[in-house]
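Note sheet for the following structure.
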């Protein structure tokens, strides 16, 4: 619930702007019209609107930047070369064009004065509580945009958001369907299982040596050992330079004085609450019932304040905090929804509130602790300031040395020693490394570096690789010291292993066949002998982790009109699982919070389905053409 309250506290417009600032953009290509004009190569057309090659490449690079930030060293730039990824990006561009055109057609607008007011009201663009033009331009340019481009993107994004919200406004799933879904979701079924495992059939199977040899020949590529290299390499990185940097007392004090605001700790408060949930859209009767229940709970709290935690555990409808006695932990201003926050920050320590109404229902709040804010003095943060200054100096030093490093490994390509000596770097040695990298030396897993290490220049001409940025502010150059050509594991080495594999595969096939035969017999009302049924257990639809999603779906699709009912699934670990459904137990009274959750999921699914259908109709009516031969590989960063 704490996370939900936090999400609700953030305005839609703030979310849009923060998304534009902090991640690759949700709205594509506005600046391509400004920068490229009509002469740009055309990748696709949506009616009269063009999607340029430059725009498409830029979008891919933005995706690349986002993926690199999320995945770090595990990021593989070749993902962007996959046809399905490139098609997905192009589909996104087409979708944005369709929605923007539709928003304009139906008359949505965003006047300049309103757009200016929205931007001015964003805290990220403010300084000392007021809009700062300089800060605004600085943040926008940091994302490689000009203010006009940012404003054009934001305007179109807001218009598209208006269109999306207008499409689904008022869409509500009928209560009868919501009730049916909730009942089905909470239904329980009693089952027993009978396992047919490969091990039960292994004694019946004899493996022919000729079959093992044939299996090896057929699957030989599976046993291929790819070509490998051992490398010497040198690393130039900011992180390695940081310990070498020296920072004086005067520098530390000056930085602290100039950035004192960074070391301010806001006041935080810790609270617990009891929530009696009721939706903001609930009927007056439902709200009155919830208030009456909350009033009764408040009386119990006032009669015995020491029982607050126990009452929260038993009665609070906030699943996130109820188990913890209603505890929400420490939080600062701007985290909770306004009625909740205003109450908490007006209370005295140990005080309990009256009823506080929010979009989630009625809260009874107890303030349990106050952590006063204030500035950390220099002695408290000295180490942090010193480290930050060292990082800044290291980054400057790295920028100065990067060209020397790159030029030296290139110009004196017969050895890494000149670069190592000039910059006082250590030459390191790798284990055997394949084209997909190694777990032992993560820095060597960069695709561009690996491509260079396996190139003819490195293997045949014995030259250094170029200096490659394998991570932010980290350069690596390598040199091949030993090469091992691709080979195959021998049949003699694999003979025993493959014999066991064949035995298990054939036993597994036998178990599956017997399981399916037994299922067919049981479903016809017959009796399947030699089955050992386990003890009955009661399950719900939330038990997928223990049974597997496929088995769970089969169980709850089984016809409950005639019991016992039988279903079966192949066991992912081998063999076959027969399942007997012996009893169906209808749901008890469903908790209001759960009912609300199911209703929300149904309404969300309905809105998504409606939006998808609407977008499909737009695509069908639009004249969309794609020039596939102009969608080449994007240059990697």
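The values are calculated or read from the model by the stated rules, or taken from the named source; none is laboratory data. From a predicted model like this one, the values you see are computed outputs, not experimental measurements. Using ideal geometry, Cβ is built from the backbone for each residue, glycine included, and neighbour counts are taken over all protein chains shown.
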If residue 134 satisfies every condition in (1) in a helix (DSSP H, G or I); (2) surrounded by 15 or more Cβ atoms within 10 Å (Cβ to Cβ) but one, which is the exception?
(2)
Subset of segment 446-455 (residues that are assigned to a loop (DSSP other than H, G, I, E, B) and within 33 Å of the chain's Cα centre (by Cα))
446
The one condition residue 154 fails out of (1) under 29 Å from the mean Cα position of the chain (by Cα); (2) at pLDDT 85 or above; (3) over 30 Å from residue 605 (Cα atoms) is (3)
Contacts under 6 angstrom Cβ, first residue in segment 360-378 being within 30 Å of residue 248 (Cα to Cα) and assigned by TED's automatic domain parsing to the domain that holds residue 296, partner buried (at least 20 other Cβ atoms within 10 Å of the Cβ) and modelled with pLDDT of 85 or more, 6 or more apart
none
Of the conditions (1) out of contact with any helix residue (DSSP H, G or I) (no Cβ under 8 Å at 6 or more places or on another chain); (2) under 22 Å from residue 225 (Cβ atoms); (3) free of Cβ contacts under 8 Å to residues at least 60 places away in the same chain, residue 437 clears all except one; give me its number.
(1)
What's the number of the condition residue 637 fails, among (1) modelled with pLDDT under 70; (2) assigned to a helix (DSSP H, G or I)?
(2)
Quick test of your reading of the structure: residue 89 fulfils all but one of (1) over 29 Å from residue 473 (Cβ atoms); (2) at pLDDT 80 or above; (3) not in a strand (DSSP E or B). Name the failing condition by number.
(1)
Set 511, 528: member being closer than 30 Å to residue 570 by Cα, touching a strand residue (DSSP E or B) at 6+ places or on another chain (Cβ under 9 Å), at pLDDT below 90 and outside any strand (DSSP E or B)
528
Going by the conditions given, is residue 404 surrounded by fewer than 16 Cβ atoms within 10 Å (Cβ to Cβ) and closer than 30 Å to residue 239 by Cβ?
yes
What are the residues in segment 568-626 that are outside the structural domain of residue 501 (by TED's automatic domain parsing), over 20 Å from residue 541 (Cβ atoms) and outside any helix (DSSP H, G or I), if any?
622, 623, 624, 625, 626
In this structure, does residue 409 turn out to be under 30 Å from residue 331 (Cβ atoms) and either assigned to a helix (DSSP H, G or I) or modelled with pLDDT of 90 or more (or both)?
no
Given the residues 484, 500, 516, which is the only one that is free of Cβ contacts under 8 Å to residues at least 40 places away in the same chain and surrounded by fewer than 19 Cβ atoms within 10 Å (Cβ to Cβ)?
500
Among the residues of segment 258-295, the number that are without any contact (Cβ under 8 Å) to a residue 24 or more places away in the chain, exposed (fewer than 13 other Cβ atoms within 10 Å of the Cβ) and in the same structural domain as residue 343 (by TED's automatic domain parsing) is 6
Sole miss for residue 461 among (1) in contact (Cβ under 8 Å) with a residue 60 or more places away in the chain; (2) assigned to a loop (DSSP other than H, G, I, E, B); (3) not assigned by TED's automatic domain parsing to the domain that holds residue 560 is condition (1)
Taking segment 421-445 and keeping only residues that are surrounded by 13 or more Cβ atoms within 10 Å (Cβ to Cβ) and assigned to a helix (DSSP H, G or I), one is left with 422, 423, 442, 443, 444, 445
Filter segment 531-549 down to the residues that are in contact with a helix residue (DSSP H, G or I) (Cβ under 9 Å, 6 or more places away or on another chain) and at pLDDT 85 or above, then identify the one that is nearest to residue 182 (Cα to Cα).
539
Over segment 329-384, the set of residues closer than 29 Å to residue 259 by Cβ, at pLDDT 90 or above and crowded, with 19+ Cβ neighbours inside 10 Å is 341
Selected residue [under 20 Å from residue 498 (Cα atoms) and touching a residue at least 24 places away in the same chain (Cβ under 8 Å)] from 206, 213, 189:
213
Does segment 613-627 contain at least one residue that is surrounded by 14 or more Cβ atoms within 10 Å (Cβ to Cβ) and either at pLDDT below 75 or closer than 23 Å to residue 181 by Cβ (or both)?
no
Filter segment 325-356 down to residues that are free of Cβ contacts under 8 Å to residues at least 40 places away in the same chain and either part of a strand (DSSP E or B) or touching a helix residue (DSSP H, G or I) at 6+ places or on another chain (Cβ under 6 Å) (or both) and give me whichever is farthest from residue 596 (Cα to Cα).
353
Please go through segment 305-324 and pick out each residue that is over 18 Å from residue 361 (Cβ atoms), surrounded by 14 or more Cβ atoms within 10 Å (Cβ to Cβ) and either modelled with pLDDT under 90 or more than 28 Å from the chain's Cα centre (by Cα) (or both).
309
Within segment 240-276, considering residues that are modelled with pLDDT under 90, in contact with a strand residue (DSSP E or B) (Cβ under 8 Å, 6 or more places away or on another chain) and not in a loop (DSSP other than H, G, I, E, B), the one farthest from residue 344 (Cα to Cα)
260
